[in-house]
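Since the structure comes first, as structure tokens, the remarks are kept for the end.
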Amino acid sequence: MSKDCPHQILKIGDFQNFVDARLKSWEEMGFNRRLWEKDPTLWFSGPVLGVADRLGWLALPESMQEQIETIVSFANEVKNEGVQHIVLLGMGGSSLAAGVFQSIFGSGPGYPELIVLDSTHPDAVRAVETKIDLRRSLFIVASKSGTTPEPLAFFKYFWKKMEETVDVPGRHFIAITDPGTSLVQLAEEKGFRQIFLAPPDLGGRYSALTVFGLVPAALIGVDIHRLLGRAHDAAKGGGASEQEVPGLALGAALGELAIRGKNKVTFMAPPSLKRFQEWLEQLIAESTGKDGKGIVPVVNEPLAGPDAYGKDRFFVYFNVADERSEKIKNRVMELEAAGHPVVHINLNDKYDIGFEIFKWEIATASAGSILGIHPFNQPDVESSKELARRAMTGEVRTEITEAVSVKDPDELANALNDWLELAKEGGYIVIQSYLQPTEETTKLLQKIRKELLNRMGLATTVGYGPRFLHSTGQLHKGGPVSGLFLQIIDTPAEDLPVPGADYTFGEIIGAQAIGDYLALKKRGRSVLRVDLKKDVARGLSEASRLLSAKQ
């Protein structure tokens with residue numbers, strides 16, 4: 001980081017006193033040293049299962065150096081064969097980092113394009129198939145546990161397609177997983193071209209600098225040696241005082257502001273960092289959202305004036321040297337003038353993302369010690385999965401999740417108004433979109449977000465299901481009981497069967513939506529379920545119109 005462009009500047013007013021006091025306290029207790037010693041008592045008074053054995057990410061900037069040559073050699077081999085598309089079949093922490101690197105770096109000259117498939121919507125699966133030439137595609141089946149149902153369903157679909165197209169389908173597949181998983185066994189039985197193994201002593205949301213992130217990055221031409229070098233720069237603070245470690249200063253700010261009511265950390269960044277914000281969303285939400293506590297990450301929210309934001313906001317402004325946005329910069333200046341706390345983070349070039357990844361991991365883990373939570377588990381993620389499994393087998397009666405139809409504007413208007421009346425001061429609004437992720441749909445969802453922000457003055461978030469079930473889903477069920485949830489479903493244009501199974505992709509995503517709805521209701525959350533039927537664009541436009549109408 002250049003001296004004339006400070007990497008991180010906290011402009012948080014009087015809250016700086018609390019941050020300084022926390023850093024001084026951490027220095028007195030040797031927090032930084034003990035973090036690197038993997039001391040679980042930083043979070044709890046005694047040893048707790050799943051803390052010390054989930055800190056392996058601290059060593060990644062060093063330990064992953066050993067695999068660089070193998071990864072780069074494989075990437076060059078794939079490039080030289082003329083592969084056009086890399087299709088990553090994953091979910092949550094196994095896929096988000098790959099999307100970050102694709103959005104920031106793009107594909108280098110001669111390298112294939114990366115497509116991340118993390119939606120079980122039939123239209124999303126079909127869209128990927130339509131876009132690629134199977135003969136010139138390489139599929140990555142990514143799952144830390146090796147048992148994640150979504151990527152395994154994707155695998156079954158594309159394996160059958162590949163069997164029908166080429167003589168040796170296994171050469172078009174690689175696996176990324178932990179040692180000894182059932183995915184390793186599957187890959188060996190099917191003759192996968194390559195198996196990359198990740199260290200087991202870390203969670204999926206901390207795996208960006210393992211093979212889960214580095215292999216896809218190398219395959220599109222990212223210089224992963226340089227990327228890890230920037231992460232190593234962030235890790236150099238292992239022997240420094242707490243005041244000198246950017247991740248600890250940021251973590252102290254996140255934690256101290258959160259316990260004082262500013263728990264909606266809102267990101268403002270240029271377009272290239274859109275997917276990085278989504279990676280941060282999982283890291284923060286899944287790590288801190290439990291035991292009725294949590295920091296709510298607000299990513300890619302439409303810009304608004306200072307008066308639109310409540311007193312629960314804490315802003316993070318990313319400034320990328322070659323991608324300046326005067327509009328965002330001016331808005332940030334307005335927020336500061338209005339007294340909102342803001343952190344400025346400067347990236348001198350794209351590879352500084354390696355620094356940011358490691359720094360934010362440090363920050364999130366250390367903020368967890370202030371909140372008094374376990375930052376490395378996800379106790380509430382399983383609830384939706386279990387209810388989804390029960391919905392698939394018919395154990396759950398679907399009529400108890402009957403949705404309001406967009407075809408009845410009066411009924412929908414009344415339902416929306418009744419739902420919004422349940423909003424709580426200092427709460428937040430969540431749009432859960434069980435729709436095919438497309439640019440058009442995202443724009444319409446963003447329009448709804450803006451209407452909700454203007455009307456309610458509450459933080460808004462949006463996520464595509466089932467992707468968010470593996471990330472913000474933990475916060476939704478385990479975090480503060482202040483969320484207001486709008487679940488949006490549709491009827492796929494045409495369903496797709498999962499080969500070798502007695503169910504379809506449409507049934508999978510339908511069951512996942514039902515499971516999530518029931519899990520939220522069991523936790524006492526306020527949920528409105530809206531069915532757009534087959535016309536998604538018209539339905540979303542109608543919802544936006546109703547929200548903007550004078551009440």
Using beta carbons and a limit of 8 Å, which pairs, at least six apart or on different chains, have the first residue in the stretch 69-88 and farther than 24 Å from residue 130 by Cα and assigned by TED's automatic domain parsing to the domain that holds residue 154 and the second one at pLDDT 95 or above and not in a helix (DSSP H, G or I)? 71/196; 74/194; 75/111; 75/221
Quick check on the stretch 405-437: of everything there that is buried (at least 16 other Cβ atoms within 10 Å of the Cβ) and polar (S, T, N, Q), which residue is farthest from residue 309 (Cα to Cα)? 436
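Residues being part of a helix (DSSP H, G or I) and either in the same structural domain as residue 207 (by TED's automatic domain parsing) or not basic (Lys, Arg) (or both): count how many of those fall in the stretch 41-55.
From the stretch 41-55, those part of a helix (DSSP H, G or I) are 41-42, 52-54; that's our starting set.
Still in the running and either in the same structural domain as residue 207 (by TED's automatic domain parsing) or not basic (Lys, Arg) (or both): 41-42, 52-53.
So the answer is 4.
Which members of the stretch 305-332 meet the condition of being under 25 Å from residue 456 (Cβ atoms) and either part of a helix (DSSP H, G or I) or not assigned by TED's automatic domain parsing to the domain that holds residue 353 (or both)?
Residues of the stretch 305-332 that are under 25 Å from residue 456 (Cβ atoms), as a first pass: 305-317, 327-328, 330-332.
306, 307, 308, 327, 328, 330, 331, 332 - these are the residues of the stretch 305-332 that are under 25 Å from residue 456 (Cβ atoms) and either part of a helix (DSSP H, G or I) or not assigned by TED's automatic domain parsing to the domain that holds residue 353 (or both).
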In the stretch 226-272, anything assigned to a helix (DSSP H, G or I), modelled with pLDDT of 95 or more and of a type in the set (A, V, I, L, M, F, W, C) is listed as 227, 228, 231, 248, 249, 250, 252, 253, 254, 257, 258
Let me confirm something: among 107, 103, which residue is under 22 Å from residue 211 (Cα atoms), touching a residue at least 60 places away in the same chain (Cβ under 8 Å), of a type outside the set (A, V, I, L, M, F, W, C) and assigned to a loop (DSSP other than H, G, I, E, B)? 107
Being closer than 20 Å to residue 502 by Cβ, surrounded by 18 or more Cβ atoms within 10 Å (Cβ to Cβ) and under 21 Å from the mean Cα position of the chain (by Cα), is that true of even one residue in the stretch 112-123? yes
I'd like the residue in the stretch 492-524 that is out of contact with any helix residue (DSSP H, G or I) (no Cβ under 8 Å at 6 or more places or on another chain) and in a loop (DSSP other than H, G, I, E, B) and, out of all such residues, is farthest from residue 428 (Cα to Cα). 502
Output the residues belonging to the stretch 40-67 that are over 25 Å from the mean Cα position of the chain (by Cα) and either of a type in the set (A, V, I, L, M, F, W, C) or at pLDDT below 95 (or both). 40, 41, 42, 44, 45, 46, 47, 48
Only one residue in 72, 83 is in contact with a Leu (Cβ under 6 Å, 6 or more places away or on another chain), modelled with pLDDT of 95 or more, surrounded by fewer than 21 Cβ atoms within 10 Å (Cβ to Cβ) and not small (Gly, Ala, Ser), so which one is that? 83
Residue under question is residue 138, and the condition is that it be in contact (Cβ under 8 Å) with a residue 40 or more places away in the chain, farther than 29 Å from residue 490 by Cα, assigned to a strand (DSSP E or B) and outside the structural domain of residue 276 (by TED's automatic domain parsing); does it hold? yes
Taking only the stretch 348-384 into account, find how many residues are of a type outside the set (S, T, N, Q), touching a Gly at 6+ places or on another chain (Cβ under 7 Å) and under 30 Å from residue 491 (Cα atoms). 2
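From the list 200, 151, 216, 179, which residue is touching a residue at least 60 places away in the same chain (Cβ under 8 Å) and part of a loop (DSSP other than H, G, I, E, B)?
Details: 151 fails: part of a loop (DSSP other than H, G, I, E, B); 216 fails: part of a loop (DSSP other than H, G, I, E, B); 179 fails: touching a residue at least 60 places away in the same chain (Cβ under 8 Å).
After ruling out the rest, the residue left standing is 200.
From the list 506, 500, exactly one residue is at positive phi, over 21 Å from the mean Cα position of the chain (by Cα) and modelled with pLDDT of 95 or more. Which is it? Walk me through how you get there before you give the answer.
Values: 506 fails: at positive phi.
Sole residue among the options that is at positive phi, over 21 Å from the mean Cα position of the chain (by Cα) and modelled with pLDDT of 95 or more: 500.
So, restricting to helices (runs of 4 or more DSSP H) that lie completely within the stretch 338-420, which ones have at least 2 residues that are in contact (Cβ under 8 Å) with a residue 12 or more places away in the chain and farther than 27 Å from residue 204 by Cα?
Values: elements: 353-371, 381-392, 409-420.
Once the helices (runs of 4 or more DSSP H) in the stretch 338-420 are filtered for at least 2 residues that are in contact (Cβ under 8 Å) with a residue 12 or more places away in the chain and farther than 27 Å from residue 204 by Cα, what remains is 409-420.
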Pairs with Cβ under 6 Å, 6+ apart, first in the stretch 297-323 and surrounded by 15 or more Cβ atoms within 10 Å (Cβ to Cβ), second among the aromatic types (Phe, Trp, Tyr): 299/267; 316/267
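If I filter the stretch 217-234 for residues that are over 25 Å from residue 347 (Cβ atoms) and either in contact with a Gly (Cβ under 7 Å, 6 or more places away or on another chain) or surrounded by fewer than 24 Cβ atoms within 10 Å (Cβ to Cβ) (or both), do I get at least one hit? Please lay out each step first, then the result.
Let us first name the residues in the stretch 217-234 that are over 25 Å from residue 347 (Cβ atoms), namely none.
So far as the stretch 217-234 goes, no, none of its residues is over 25 Å from residue 347 (Cβ atoms) and either in contact with a Gly (Cβ under 7 Å, 6 or more places away or on another chain) or surrounded by fewer than 24 Cβ atoms within 10 Å (Cβ to Cβ) (or both).
The values are calculated or read from the model by the stated rules, or taken from the named source; none is laboratory data. These numbers were taken from a predicted model, which means no experiment stands behind them. Every residue, glycine as well, gets a Cβ built from its backbone with ideal geometry; the counts of neighbours run over all protein chains shown.
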